[in-house]
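I have placed the structure first, in the form of structure tokens, so that the comments after it can refer back to it.
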Amino acid sequence: MILLPELPFGNDALEPYISSGTLDFHYGKHHNAYVSNLNKLIDGTELSQETLESIIRITSGRADKIAVFNNAAQVWNHTFYWHSIKPAGGGIPYGPLAEKIDMDFGSYEIFAQKFKDTAVGQFGSGWAWLVEKDGKLDIIKTSNADTPIAIGVKPLLTVDVWEHAYYLDYQNRRPDYLDSFIKNLINWDFANANLIAKII
Ligand code: FE
């Protein structure tokens, strides 16, 4: 049985950038629904013995397991997203990741623009990610539930660009949501910890 992890902050802690109303729905309804849908789908099957990460890897690319994959990946992606943001976050990075961003993108400003452009440019629902692949940082986007961990790429940071993540606060202004994410919400502690971690 997969459990809904606790939010790492209070429902109103990200205001004014992400409202408590958004978190009530996004965490309390959407994330929660992915968890309960997944449990219904795996209950009584061999997959119920697996970790969430294993379920994602086992079902990735399998036409007969699309619903399981989608719900499992969305559970994982959302938990990763909650840790990618924090109150009074964002702004200039620090620690080992700051040096690596300068080295691999040229500067923080180039990184921030590319991250924003990639997230805004994701057509429809999905995610934008800062990842480390073959020792180098990259920014990628994925559609719907797709997740880098299904293809063995290590994520450091993600932003949810499904409309449910920002519509109550920003309506159709996805670029403004991205500005808030980059300037006020990114959890660089989490991204630094992921950079140092050996495993995905
Ligand atoms: Fe979401």
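The values are calculated or read from the model by the stated rules, or taken from the named source; none is laboratory data. Predicted model, so just to flag it, every value in this text is computed and none were measured. Quick reminder, even Gly has a Cβ in these numbers, built from the backbone with ideal geometry, and neighbours come from all protein chains shown. The area values use the complete protein model at the heavy-atom level, side chains included, leaving out ligands, DNA and RNA. Shrake-Rupley method; radii C 1.70, N 1.55, O 1.52, S 1.80 Å.
See the values below:
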{"quantity": "Pairs beyond 21 Å (Cα-Cα), from Lys114/Lys136; Lys86/Lys116; Lys114/Lys183; Lys40/Lys154", "calculated": "Lys40/Lys154"}
{"quantity": "Over the chain, equivalent-ellipsoid semi-axes from the Cα gyration tensor in Å", "calculated": "27, 20, 15"}
{"quantity": "At R0 = 45 Å, FRET efficiency that the Cβ-Cβ distance of Asp43 and Ser107 yields, to 0.05", "calculated": "0.35"}
{"quantity": "Apportionment of accessible area to carbon and sulfur, region 45-108, percent (1.4 Å)", "calculated": "55 percent"}
{"quantity": "Candidate aspartates and glutamates for bridging to Lys29, where Cα separation is under 12 Å - those fewer than 8 sequence places away on the same chain excluded", "calculated": "none"}
{"quantity": "Eligible aspartates and glutamates near Lys198 by straight Cα distance, threshold 12 Å, same-chain separation 8 or greater", "calculated": "Glu132"}
{"quantity": "Å² per residue, accessible surface of the chain at 1.4 Å", "calculated": "48 Å²"}
{"quantity": "Pairwise FRET efficiency - Asn32 versus Arg62, Cβ, R0 = 25 Å, nearest 0.05", "calculated": "0.50"}
{"quantity": "Rounded tilt (10° steps) of 95-105 against the dominant C-alpha axis of the chain", "calculated": "80 degrees"}
{"quantity": "Nearest-0.05 FRET efficiency for Leu3 and Asp176, computed from C-beta distance (R0 22 Å)", "calculated": "0.05"}
{"quantity": "Cα→Cβ-extended label distance, 7 Å offset, between Lys136 and Ser54, nm", "calculated": "3.5 nm"}
